[in-house]
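Down below is the structure, laid out as structure tokens.
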Amino acid sequence: MSDKLMPNKIIFCGDPHGCFANIISAVHKYRPEAVILLGDFNLEVPLENYLRTIIGMTQIYWIPGNHDFDSTAEHENLFHSALSYNNLHLKVIKVGGLRIAGLGGIFMGRIWMPGEIPKWVDKKHWLKHQPNSVAKIPLHLNAAIWHHEFESMKKQIRADILVTHEAPSCHRHGFEAIDELGKAIGAKQIFHGHHHVYYSDKLSGGIEVTGVAIGGVTNLAGEQLMKR
């Protein structure tokens, strides 16, 4: 059966910012094969505690947003949670016959802003140019999209759907680099969070784009199933 006849087999969830009620309700109502969470969780306890009633009912995948690096506690409640293994950042998974790739984080001028020369070759290069007292990358910089990882993703990954925290160029605060990534990996659709608004659009190359609202839930057809 085609995806058009089963649009709810995968649902995409906008920035929860601590409220997961719509996600839980959508899973119980639509019984999707998978849920993709688009970042900015603001977790006070590990992620599995919020989603306990739907674990086992559906596959749960996620990408990080910028606010998931606001504090050590919030970071650990996501990256060290029982669902840490389903981090989709810089990876691709197959669900319901579709390949889905993920890119979390945001662009930061101090690391790399599309349209500009990257400040650093890679993370080792950044560390090499820091004082000896700096042994690792600070937490807040881990929210950055690094140029070398972005380029590697463009070359090595192929997918039907791209999920990102940042927006492509059809959003007024979006980036053509996201368009280029979608085209490079062969994506037909892009779903993103971050900007807290629901909309549907299409890029010049034909890629369909859905912005998922804060606390909102959309399906494969880009239809908004639930809103906050």
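With respect to the conditions (1) among the hydrophobic types (A, V, I, L, M, F, W, C); (2) within 30 Å of ILE60 (Cβ to Cβ); (3) open to solvent by 90 Å² or more (accessible area, probe 1.4 Å), LEU98 falls short on a single one, namely (3). Selection over the stretch 25-45 of residues that are buried (at least 17 other Cβ atoms within 10 Å of the Cβ) and either of a type outside the set (Phe, Trp, Tyr) or in a loop (DSSP other than H, G, I, E, B) (or both) gives a count of 13.
Can you go through VAL35, VAL45 and tell me which one is of a type in the set (Val, Ile, Thr) and within 18 Å of the chain's Cα centre (by Cα)? Steps first, answer last, please.
Details: VAL45 fails: within 18 Å of the chain's Cα centre (by Cα).
Of the residues listed, the single one that is of a type in the set (Val, Ile, Thr) and within 18 Å of the chain's Cα centre (by Cα) is VAL35.
Being open to solvent by less than 40 Å² (accessible area, probe 1.4 Å), assigned to a loop (DSSP other than H, G, I, E, B), hydrophobic (A, V, I, L, M, F, W, C) and modelled with pLDDT of 95 or more: is that true of PHE12 here? Considered against the rule, which asks whether it is open to solvent by less than 40 Å² (accessible area, probe 1.4 Å), assigned to a loop (DSSP other than H, G, I, E, B), hydrophobic (A, V, I, L, M, F, W, C) and modelled with pLDDT of 95 or more, PHE12 comes out as no. Quick check, is LYS124 in contact with a strand residue (DSSP E or B) (Cβ under 6 Å, 6 or more places away or on another chain), surrounded by fewer than 17 Cβ atoms within 10 Å (Cβ to Cβ) and either among the charged types (D, E, K, R) or at pLDDT below 95 (or both)? Criteria not met by LYS124. Applying a threshold of 9 Å to beta carbon distances and a minimum spacing of six or more residues, or different chains, the list of pairs starting in the stretch 151-177 at a residue that is free of Cβ contacts under 8 Å to residues at least 24 places away in the same chain and ending at one that is surrounded by 20 or more Cβ atoms within 10 Å (Cβ to Cβ) and among the charged types (D, E, K, R) reads HIS173/GLU166; GLY174/GLU166.
Looking only at residues of the stretch 153-193 that are open to solvent by 40 Å² or more (accessible area, probe 1.4 Å) and polar (S, T, N, Q), we find that the one that is modelled with the lowest pLDDT is GLN156. With respect to being touching a Gly at 6+ places or on another chain (Cβ under 9 Å) and either open to solvent by 10 Å² or more (accessible area, probe 1.4 Å) or closer than 22 Å to LEU181 by Cβ (or both), GLY104 fits the description. Within the stretch 51-63, the set of residues being within 14 Å of ASP15 (Cα to Cα) and not in a loop (DSSP other than H, G, I, E, B) comprises TYR61, TRP62.
The values are calculated or read from the model by the stated rules, or taken from the named source; none is laboratory data. None of these values were measured; they are calculated from a predicted model. A quick note on method: Cβ atoms are made from the backbone with ideal geometry, for glycine too, and the neighbour counts reach across all protein chains shown. All accessible areas refer to the heavy atoms of the entire protein, side chains included, with ligands and DNA or RNA removed. Shrake-Rupley method; radii C 1.70, N 1.55, O 1.52, S 1.80 Å.
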